[in-house]
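Everything below concerns the one structure shown next.
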């Protein structure tokens, strides 16, 4: 482990920032080796280190050229040789996967970095720091020249020359500032492009994680619902890959992005392999381990893209923000792997050899990712992470992870719900994706702040020219007006847009420049928001429709009670809960006496009224925790959690009394009915499975109901639950 200290500083901020990042990457590799992580994780660390080393050498060679560094060609050859050495170690690690190769690589990297800082970069820093001395000599020469002007040139001529020189200096300074601003704008544009690349690759990672999870879930659980969703998920993954591939092709056209061309080809080959793997999956000729290995490798390749962003020179805060994003993306990937591992173990009901080590290894990698995150995150990012840790999605997954460890220790893994485990970690991954989107917005805010500072600097330079040169002042005023007027209109339109007003159009004719592009972007944003408003309303409408259909599928249309299917579902859950906490549970099976005579005498419409009034009475008599349902025809059921036989008898007796006293009015007639009830109590027993327990309870209650009918109706009979 290498700790950064001031003794390693060479006094050049750009070089020191690179050294800090290199030390962080080597420390991460050291942690991976010491924790005996898998070869894939160590190889991924080497991949990120290789990319960043290449970028460091590129920046260093530019600095060497700027100060005429001696033997620069020799050093460039050494850089290439070292980069090839890292590639060789990666190949050896992939071929052998031994800890010895990894430790050998770590020793080489550590020795090289110390030697590199102490020798090569220290000499380079000395040459860079010698530049101010040269500038001082130039200043003395200028002063000597001014003295000659004073001694040999008349005053009037000196005024003219000074004025002319002042104007020329200001013009040159203005030209230099403009050039700097232009380069800064290009730099910010490149940073935005690479941020977009990170966002697009992050979206593909998210879809691949979902596709991986669904595929493995299908293999492990044979879930038909997931099978129906896998095709849609594949389409989303394909769309995200197409977007990323097209974006990479657009970037690699430019020289500064040539390093991405190879990565784009590698990712495209991965995608082709994914298409082939899908066919094997559909033909059921692939294992879950092969799926996990392929998708995880694909995602690791995509995660390396975040490291490639540092090829663009930028401030330390932006560089740290990128590294912080990469740490959260790695953390999210470990959550996905932990989701699959935990679900497999829960469904299997026991840990196989190596499962527990992998489980705790993934937990350790999560902690390492968060440690890296805290090293590089800003205060805003750290605050957002702390807020995320207090969300229900994070707490629920952490609680289930603790419960899994306890259940493993107590040998009760079969009591855990794998679907609950899966859903909670899926929700956590979705929340992490939203957190990354928030991080992106924060980074864009940093870029916009930099742009604001740049614009302010240009304005200051323009106002200085206004005071000395009238022509330049007039031109600056015109330029100022030509820039600010469209911007103010755009600002006004954006302010209205932020309040929900989507009606403002920007119709002014503009030249084919950036302002026109901004205006077009505003119109595109406005139309997108209008479309989003419509889609939001459409989604709300669809949601209401789905809820309505769901209610129809679980509710009896005549009585508004639970139907038999919903009663079975709710009662099964209550039975499981009663078994878990060893609580009693009772069931009332109710049938209206002589209901056919009511239909025959007064008609089916009257029968419907009787059923509705009767169901209302059952609901009002039952407790809020009871489950009331119409089981069919004139039969009703009431499941009473945490109710023993004695209390159930009281409730049944009270219900019978209420039924006898119930007046049912129909077309001037008052009808009275009675009911018979079959009652059964379920108590906890040490049984292996609750399979068919509810059917058994219903059969016993139905038999008791039959006995009540035989013995005169209008009372309840108690069924005997068999002891096991």
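What is the calculated FRET efficiency for residue 554 to residue 581, with r their C-beta to C-beta distance and R₀ = 30 Å, to the nearest 0.05? Efficiency, rounded to the nearest 0.05: 0.75.
The slack in the chain from residue 290 to residue 268, taken as 0.36 nm per residue of separation less the alpha-carbon distance, amounts to 6.0 nm. Relative to one another, the C-alpha centroids of the stretch 703-723 and the stretch 577-625 are positioned 16 Å apart. Could you tell me the calculated FRET efficiency between residue 542 and residue 231, based on Cβ-Cβ distance and R0 = 25 angstrom, to the nearest 0.05? Computed FRET efficiency for residue 542 and residue 231 comes out at 0.80. A protection proxy built from the mean count of other Cβ atoms within 10 Å ranks the segments 409-420, 553-564, most packed first, as 553-564, 409-420. What the Kirkwood sum gives for the stretch 528-607 is a hydrodynamic radius of 17.0 Å, with every pair of different alpha carbons counted.
Note on the stretch 564-719: Rg/Rh from Cα positions, Kirkwood definition for Rh, rounded to two decimals, is 1.00.
Among 47-60, 352-365, sorting by the average number of other beta carbon atoms lying within 10 angstrom of each residue, highest first, gives 47-60, 352-365. Footprinting exposure proxy ranking of 45, 606, fewest other C-beta atoms within 10 angstrom first, gives 606, 45. With the highest mean first, a sort of the peptides 519-525, 201-207 on other beta-carbon atoms found within 10 angstrom per residue produces 201-207, 519-525. Taking all Cα pairs closer than 8 Å and separated by 6 or more residues, the relative contact order of the stretch 564-719 comes to 31 percent. If the chain linking residue 144 and residue 276 were pulled fully straight, counting 0.36 nm for each residue of separation and taking away their Cα-Cα distance, it would gain 39.8 nm. In a fully extended conformation the segment linking residue 494 and residue 612 would gain 36.8 nm over its present Cα-Cα distance, using 0.36 nm per residue.
Read the figures in this text as sums done on the coordinates, not as results from a lab. Owing to the predicted nature of the structure, the values given are computational and were not obtained by experimental measurement. Glycine gets a Cβ as well: all are built from the backbone with ideal geometry, and neighbour counts include every protein chain shown.
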